[in-house]
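One structure below.
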Amino acid sequence: MERDARERVRFEAAGLFEQGVAPPVVAERLRVSRKSAYAWHAVWREGGVEALRSKGNSGPPSRMKPAWRDWLAKALEEGPAAHGWVEDQRWTLARVAKLIARRFHVRFSIKQVSRILHQMGFSVQVPQHRAAERDDEAVVTWVREVWPVVEER
């Protein structure tokens, strides 16, 4: 997604270069650094628009196979309790890493698990710090009756 967006900006820059727009003006119009605009201009002069096309992912391909991602998405939807974590109902990166290791016998670092989840469309969630057993009526009563007495002291 982000790579496609960056590629579109480079192609837009190429269109401006073709119209004779100078790199500093391209940088200003596209809200990119002058350094990037000059680099793109040099690449465009040498190889044209196609030279600005994305080269794909850098580095080796992920060991997290697409079928594994489908399974992981379903497992996360089931919740932690379905996979043995009953003490609280929050997924942590360490838990997800352990879940992947149990199922596929492949260990990922916490940082890599974070990247994988982000690529899958999951985002960091801050849990509400409320007990499931919370009694809202008892809270209202406490605020109205007990707190004023405590506050007076």
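The values are calculated or read from the model by the stated rules, or taken from the named source; none is laboratory data. What you are looking at is a predicted structure, and each value in this text was computed from that prediction instead of being measured. So basically every Cβ, Gly included, is an ideal-geometry build from the backbone, and we count neighbours across all protein chains shown.
Count of segment 56-100 residues, restricted to those that are of a type in the set (S, T, N, Q) and modelled with pLDDT of 95 or more, is 0.
Among the residues of segment 3-12, write down those that are touching a residue at least 24 places away in the same chain (Cβ under 8 Å) and among the basic types (K, R).
Correct list: R3, R6, R10.
Restricting attention to segment 54-83, the residues that are exposed (fewer than 10 other Cβ atoms within 10 Å of the Cβ) and closer than 30 Å to A14 by Cβ add up to 7.
Could you please let me know if A82 is among the aliphatic types (A, V, I, L, M) and under 22 Å from Q125 (Cα atoms)? In short, yes. Residue pairs whose Cβ atoms lie under 8 Å apart, separated by 6 or more positions or on different chains, with the first residue in segment 13-42 and without any contact (Cβ under 8 Å) to a residue 40 or more places away in the chain and the second surrounded by fewer than 16 Cβ atoms within 10 Å (Cβ to Cβ) and among the small types (G, A, S), are A14/G48; A27/S33.
Total residues in segment 66-83 satisfying the condition of being assigned to a helix (DSSP H, G or I), small (G, A, S) and within 21 Å of the chain's Cα centre (by Cα): the figure is 3. Per the listing V49, V149, V86, the residue uniquely of a type in the set (V, I, T), over 21 Å from the mean Cα position of the chain (by Cα) and surrounded by 13 or more Cβ atoms within 10 Å (Cβ to Cβ) is V49.
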